[in-house]
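Here's the structure we're looking at; comments come further down.
Just so it is clear, none of the values below were taken in a lab; they were calculated from the coordinates. None of these values were measured; they are calculated from a predicted model. All Cβ positions, even for glycine, are placed from backbone atoms using ideal geometry, and neighbour counts span all protein chains on display.
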2 protein chains.
Amino acid sequence: MVRASVTTQVLLAGAASAALFPDCQNGPLSNNTVCDPTASVTERAQAFVAALTNEEKFNLTGSTSPGVPRLGVPSYIWWNEALHGVASSPGVDFADEGDYSYATSFPQPIVMGAAFDDALINAVATVVSTEARAFNNANRSGLDFWTPNINPYKDPRWGRGQETPGEDTYHLRSYVAALIDGLQGGKNPEYLKVVATCKHFVAYDMENWHGVQRYEFDAQVTPQDLSEYYMQPFQTCARDAGVASIMCSYNALNGLPTCLDPYILQDVLRDHWNWTAPENYVTTDCDSLQSAFGYQHYADTRAQTVADALIAGTELNCGTYYQRHLGEAFTQGLFEQSDIDQAVVKLYSALIRLGYFDSASSVPYRSLGFGDVATPESGALALKAAEEGIVLLKNDGTLPLSLPSGRNTTFAFIGNWANATEEMQGNYAGVAPYLNSPLQAAQKIAGIDTIYGGGGGDPTTDGWDDAYDAAAAADIVIYADGASGDESGDRNTIHWTGGKIDLVSWIAELGKPMIVLSMGDQLDSSPFLSNPNISAIMWGGYPGQDGGTALMNIILGKVAPAGRLPVTQYPGNYINEIGMLDMNLRPNETSGNPGRTYKWYDNATIPFGYGLHYTNFTASFTASGNGSASSYDISELVSSCDNATYSYVDLCPFADAVQVDVSNDGDVASDFVTMLFITGQYGPQPYPLKQLVAYQRLFNVAGGQSQTANLNLTLGSLARYDDMGNAVLYPGEYSLLVDVPTQATYNFTLTGQETVIDHWPQPKNR
Amino acid sequence: MVRASVTTQVLLAGAASAALFPDCQNGPLSNNTVCDPTASVTERAQAFVAALTNEEKFNLTGSTSPGVPRLGVPSYIWWNEALHGVASSPGVDFADEGDYSYATSFPQPIVMGAAFDDALINAVATVVSTEARAFNNANRSGLDFWTPNINPYKDPRWGRGQETPGEDTYHLRSYVAALIDGLQGGKNPEYLKVVATCKHFVAYDMENWHGVQRYEFDAQVTPQDLSEYYMQPFQTCARDAGVASIMCSYNALNGLPTCLDPYILQDVLRDHWNWTAPENYVTTDCDSLQSAFGYQHYADTRAQTVADALIAGTELNCGTYYQRHLGEAFTQGLFEQSDIDQAVVKLYSALIRLGYFDSASSVPYRSLGFGDVATPESGALALKAAEEGIVLLKNDGTLPLSLPSGRNTTFAFIGNWANATEEMQGNYAGVAPYLNSPLQAAQKIAGIDTIYGGGGGDPTTDGWDDAYDAAAAADIVIYADGASGDESGDRNTIHWTGGKIDLVSWIAELGKPMIVLSMGDQLDSSPFLSNPNISAIMWGGYPGQDGGTALMNIILGKVAPAGRLPVTQYPGNYINEIGMLDMNLRPNETSGNPGRTYKWYDNATIPFGYGLHYTNFTASFTASGNGSASSYDISELVSSCDNATYSYVDLCPFADAVQVDVSNDGDVASDFVTMLFITGQYGPQPYPLKQLVAYQRLFNVAGGQSQTANLNLTLGSLARYDDMGNAVLYPGEYSLLVDVPTQATYNFTLTGQETVIDHWPQPKNR
């Protein structure tokens, strides 16, 4: 969505001056069942809706809701953001100074994804929801947050890839389950801490590609890719993690704008995934109803557009189309009374589940205040998240630096990110309590002198002399630069520019220890990998409020790096081999598609899952691991699944946990991310190169010591997807691979008949 | 070039604190011949250069020159801009307030081009050079101005098309000759008023197309298109108009970066066009030497790159590559002593021609001051330029508005340009003395009440309610919006967005008189042309400091519109039919190229040269016009050319002036632009649809009256270009066409043998 201030006719006074909650004690609704906490959520919501006129209902379906002044229901802004901390957005009101003028700003999801540490994600999300509740208690935010962005980052050009944890579906699913638990206050809690919203449903991963805007893009996706890839994170959100809300996207999917599509909103989301809790509502992306009409030209009139969306199962409209046009649509008989009633019932059910109509004493989060915001502990967690996510990509032994004692060491800092502050937050950020750039972090370290050489111009040489002279005068050269995607458009290039390569190679000729900090999104590192004058490369991404400290801590060896790339680093020319609008993941000789993601593409500059350490690790399968069987019968695997515990067969455990022994063969203590992939020639061709099925981050493995990772597989880990999108177990030879590059392999066999473990719903004829 | 502040090692104190001119009375150079005004320009410059060390010479070749402190020669910034008024740029220093805090800001060239009034252009350029001299006298600018941008605007996507007068070569040539005369103070004046610089030489007309940057683009151009189209304005600049300086471009041409290409810099520019005045120097675009190395990878080393540029004939380097690397190149023996000496001689010859070493009393412009800047007269000229350039594209009779007397009329102003201020200036602008938006202009008019409805969101409906409600409450609706190209990239689309079309059509359903002001660059007007609820469309472009007043004056009929489109308005899908990087102008069935410009493409939404009036004009050939002959012998035409008067055969007059009678058949007095095109099936196929050969703006033709336009043709008007790029007279049937659409035709015949009238130099084998 576009972040913009919302001003509409129906917007009443600003949030700060309006009442925060309806007055259920003395207000007009005090005798309405909505104020009775002993009634069921749905009964309460239905009683509320029964008290409304249709005009009032229509007004309640917009993201800037006027409430119902007649009934003492205050205005409410549904649009709040919290991608990596409470974030600036229409519903969030940071104070100009003092209390509530800032909130913890964690690294971007792409960096937190690189940590491969679900417990970290849960801890971060818990801080975010705590701070969100504190802001809400101060009447400075709503309780519905339109986060996470969980579309898989399948193309390196995508402008919003930074908002996601990466390209892999298993990783995304594991990450988002931990995140939602932290945001919503556990699985099916008594009160929702906040409402999380998985977005953008579905097959949304482009912004503006050469003039084709997300508003007008019609994604052509096969059932196989849809079920296997694009839908996977949403399945976890809706079916397994209990997310309260889902946002439909701007794009069309196979011809229909998603917010108007009963196949994905009803057949898949509600029927197949049983996403039917009272609080489960769908919101549009911001003005995706306007775009369905004005860009996609889906319906002939604005009235028909809003009616189709409402009937398809879209309860809330970010924007004004519902508020402006539902009335005329109803007059024209384009939808039923029950359609609008049900939508408002769902929306208010969500508020009821947040304790919106309940007393402060009964809602456990109502006592949170600014003392719970941006605490020292949350600051330490933000630093830890950055340290865990930074990835070491090249090291000729220069890192970690050992500085001489007895004299200061001079660092030159050069590049557009050398003194980056807000850039380190990435998009969908709030106001951070502080922002430590790499330069600023270094300036705080005893024994280090710094020279700031400026950004180093590009494409002009404006500033090159400053950069060169700074490097010439220093002992150590840090070049921090990169490229950011953003929401205004997708990236046209994924290579370092000719100007930056020229500047860096010129400076590198000085022969100083030179460390490149590759910031922002991935750029093809080839020219720096192959340049012997460049000592080390680290990918820092968007490391958040204390990112500079995290980078310096790793550079100086206070922290050992253990992050892994959560995306493929493609060669610069990759984007010339596949169209941005080609949604197919599998390689295709006819179209020239070389394949997408590590699963289908194997010519990466640096592969998914790669990351160096300050020590050497050996990973091997534990001799006693995985039980004794090396062959499994499919029917036995399925029939032994305990349906009472596991509602879905793909979630049933497969055999025992796989145990991987990880030994640190060097002398630097370090975390290690144990990654387990599956591969084999089974199921439909083409066969993927491999698929991540489990990961576990081990902490602080001391030199000469070892730890064991316990990696849980499920039947879903073994499944592949047929051309209808069904998840299927196939007989065949399977291999488990540990680490990137692979350090050890474990083989087993599945026997018997191929068996569908998830029947994918098929779209009806259109 | 990129506008950015320049900070380099060699930059001394800011201009304001440095001396403005060398002290030829008492300074170290007082006895050097450079200070002797009786010596020739070249002798003076050579004497100066003879006093320099090589290191000093190298330092003088950068755009931010340190001067020669040892000799009392002050630092000098060569990079000054004045595209449509003295403009913010490294060498121009606007004061924060008071005197010299502003300068007249004329409309962008694309708007002034639409006036088709060369006298206007000369008057504007005279004001600009006067204001530039005043700024220089106050030590607030240099005397070398890197204007005009005279690349033909051949593709509607080009981000910098607004900087040019349009797409047609005859128009560009006529315009730029008038402009250079005004900037430089006449043809071959005693002192140059300022140095004008025709840029970007050559075949430069893209910025960043889908990741292909101008720094790395290699334009593939045929000799035919090169000579006939891309070179034409530069031929006028260098050969005919006496421009002092030329800027080579970023792009390569047929494999060689232009700043390193002896074919275009020596064979064409100096040898074929006799561009050999002492002051004639070539500057690079900003850091095009870096881009030749770092992006084009033309040479193996930086030293070889600068040596090749110097030898090719590039005297000045915007950037630092010459300053940083000429020394090492010289040490390596990559160029001769005479190469660097000649470059500095030319640069200082230009300064000598500006009176840089002469006494204030001898230079006529040295007494200009702030009293000569932004005068009432120049303000009136800026308003007139806008009024003359605005083009009426649709009118159902609503315009001019006749407002009721006795009560006020309420205007709603909606759209992103409704209250545009700096946007009206376009790029390469300075600080204007005032900026009157359409809204602000209306607010100053008695009898008009205004409601500002905001921009009207796009792509979100954010703000649509405000826009709609404003329109609903008004008598008249003005929607002012559009799209701007810019230097950061070329336009991806040339159509109105789905959101804007939706908003406008929704508001138009109110049935109010509704006027669309299409601002910025051309957008396909089709949806507004075909919508009967939209009363009128005017193209306002970038109308400058008083653009809102100009628009309101036309809307209210105080001024009658007579501008003509200086570019084709293409259908939105045109850009999908031809690649941005395809330099070919002629249609090509194999490549799918539908042809470029009105000369080769005939499916325009609105054609080049189109423009409505508030009255009806009839244009016809005067019976006595064009002499009596309707057949001409080619050899006779050529042999009768007076070589003493006309150095080049293509400039020789053809027959007598063509006389066109223009009668105003209505009752509103109005200007009328008489346009004359030539067409016929002669010369090489394919044949162009037509070619502009003359124009004349007639002023204030009263209702019921007529005026006569005298249109001068030359032998060049009849020429076509063969596949070697030679200009040739061919026997055949010719037709002259008046007006767009054509109102009258005059036919004549050329007989005899085809004859080359300009032998185009061929590139040597590479």
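Listed values, structure above:
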quantity	calculated
Dipole of the range A:315-453, positive end: most advanced residue of A:PRO404, A:GLN440, A:PRO364 [Cβ charges, Cα centre]	A:PRO404
Radius 10 Å from Cβ of A:PHE370, net charge of other residues (Lys, Arg +1; Asp, Glu -1)	-2
Candidate aspartates and glutamates for bridging to B:LYS444, where Cα separation is under 16 Å - those fewer than 8 sequence places away on the same chain excluded	B:ASP546
Pseudo-label separations to other copies for A:ASN54 - Cα-to-Cβ vector, 7 Å, nm	9.0
Separation in nanometres of the label points that stand 7 Å from Cα toward Cβ, at A:SER362 and B:GLU328	7.7 nm
Test item: Cα-centred dipole of the range B:329-487, Lys/Arg +1 and Asp/Glu -1 on Cβ, debye	680 debye
Between 0 and 90°, nearest 10: helix B:169-184 axis offset from chain B longest Cα axis	60 degrees
Nearest-first distances (nm) between copies at B:ASN573, label 7 Å from Cα via Cβ	3.5
A:ILE451, A:ILE515 arranged by Cβ crowding within 10 Å, fewest neighbours leading	A:ILE451, A:ILE515
Mean residue ellipticity (222 nm) of chain A, computed from DSSP H runs ≥ 4 via -39,500 (n - 2.57), nearest 500	-6500 deg cm²/dmol
Kirkwood Rh and Cα Rg combined as Rg/Rh, chain B	0.97
Radius 11 Å from Cβ of B:TYR542, net charge of other residues (Lys, Arg +1; Asp, Glu -1)	-4
Averaged over B:287-295, number of beta-carbon atoms from partner chains that fall within 10 Å	6
Rg/Rg_ref, the range B:428-546, where Rg_ref = 2.2 N^0.38 Å and atoms are Cα	1.10
Likely footprinting exposure, B:SER75, A:SER647, fewest C-beta neighbours within 10 Å first	A:SER647, B:SER75
For the axis carrying chain A to chain B: nearest C-beta residue of A, whole Å	A:HIS210, 3
Net charge, B:GLU423 excluded, C-beta distance under 13 Å - Lys, Arg +1, Asp, Glu -1	-4
Pairwise Cα inverse-distance average, inverted: Kirkwood Rh of the protein assembly as shown (Å)	35.7 Å
Nearest 10 degrees, 0 to 90: helix A:302-312 Cα axis against chain A principal axis	80 degrees
The range A:572-729 - convex hull of the alpha-carbon atoms, volume per residue in Å³	152 Å³
Built amide H within the under 5 Å cut-off of B:TYR542, gap 5+	B:GLN108, B:VAL111, B:GLY520
Neighbour-count ranking [beta-carbon atoms within 10 angstrom, fewest first] of B:ILE246, B:ILE575	B:ILE575, B:ILE246
Long-range Cα-Cα pairs in the range B:55-120 (distance over 18 Å), rounded percent	57 percent
Amide H contacts of A:GLY609 (H built 1.01 Å from N, under 5 Å, at least 5 apart or other chain)	A:LEU565, A:VAL567
Between helix A:498-508 and chain A: long-axis angle, C-alpha atoms, 0 to 90°, nearest 10	40 degrees
Cβ-vector label at 7 Å, A:PRO532, separations to other copies in nm	7.9
